[in-house]
1. Using a 10 Å cut-off on Cβ atoms, rank the peptides 312-319, 295-302 from the highest mean neighbour count down.
2. Label-point separation (nm) for residue 295 and residue 243, each offset 7 Å from Cα along Cα-to-Cβ?
3. Residue separation times 0.36 nm, minus the C-alpha to C-alpha distance between residue 59 and residue 120: what's the value?
4. Take every DSSP beta bridge whose two residues both sit in the chain, then give the antiparallel share in percent to the nearest 5.
5. Mind checking the angle between helix 3-15 and the chain's longest principal axis? C-alpha axes, 0 to 90 degrees, to the nearest 10.
6. Along Cα→Cβ, 7 Å out, is where each label goes; now give me the distance between the ones at residue 236 and residue 212 in nm to one decimal.
7. For the residue pair residue 49 and residue 182, what label-to-label distance in nm results when each label sits 7 Å from Cα along the Cα-to-beta-carbon direction?
8. Taking R0 as 35 Å, what's the FRET efficiency between residue 88 and residue 146 from their Cβ-Cβ distance, rounded to 0.05?
């Protein structure tokens, strides 16, 4: 989107705030960067301080944000209150959950406490939102395949200049999609990670960026949290957190599977997610002129290598990744 178009939307956004909502703007500034076409601003006015979302209707759908926010409120999860919106223009006025995310506060000293609040939040999503009552898209084979294709095109072909042979793609697709589809189905946030969990004074964490939620595999949000693309924990710590959450699901009767099967689901779900993420990071650079996300590729690639070498059915992909693809990767791991 051109700067001129951005400027016109910004003028329209301020006009909506001032004329339709009657706000007297004292201060108006960019609130955060986003990997989508959405923009967020923080607006200060005599009645308080709020976040304004600008979501171009040709690119984004704020109706899904509104609907999913209502779902989250049912569980007592702290999603931002929606004060006003304009569906035609794609504008929304939201509760301001502050500027401190998990990413800003996570250390070895704070991790246990912060992650416990995240696990409690995730357990609410798993235990209080029966999928039979949710009108959400399914994380089906077509969507899983579409996401894997992002990796094949934007990272392998565009970034590294090395297409992955179709036979290896087919083997990888079959393995990952089968593993995802055999898992119990729950509400899936899809980006349940440290930058989308906000540290707030009451009912923490505040949960944002949920508009792409679906119904899908039980391990998806858990792997988003524990094998985060933006920070990494020792594998022993991840295994401990994983086991505790597995036991919690098991005790609640939400799953009936072995710990080894759950770990396999977790690993392969993470592989699918991380392949998609790397493809998106590359696409943000080449298509959207957002190169900063390239810095997160090496960490995410390390996750992929760690998993692919552990499963015999991924041996051909692992060999191609190590011997053919990564030598063309421009940045050191």
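What follows is calculated from the coordinates using simple rules that are stated; it is not laboratory data. A quick note: this is a predicted structure, and the numbers were derived from the prediction, not measured. All Cβ positions, even for glycine, are placed from backbone atoms using ideal geometry, and neighbour counts span all protein chains on display.
1. Details: 312-319: 15.6, 295-302: 17.1.
So the peptides 312-319, 295-302, ranked by packing, come out 295-302, 312-319.
2. Result for the modelled spin labels: 3.5 nm.
3. Full-extension gain reported as 18.7 nm.
4. Details: 28 of 30 bridges.
Counting DSSP beta bridges with both partners in the chain, the antiparallel share is about 95 percent.
5. 50
6. With each label point 7 Å from Cα toward Cβ, the separation is 3.5 nm.
7. 5.1
8. 0.75
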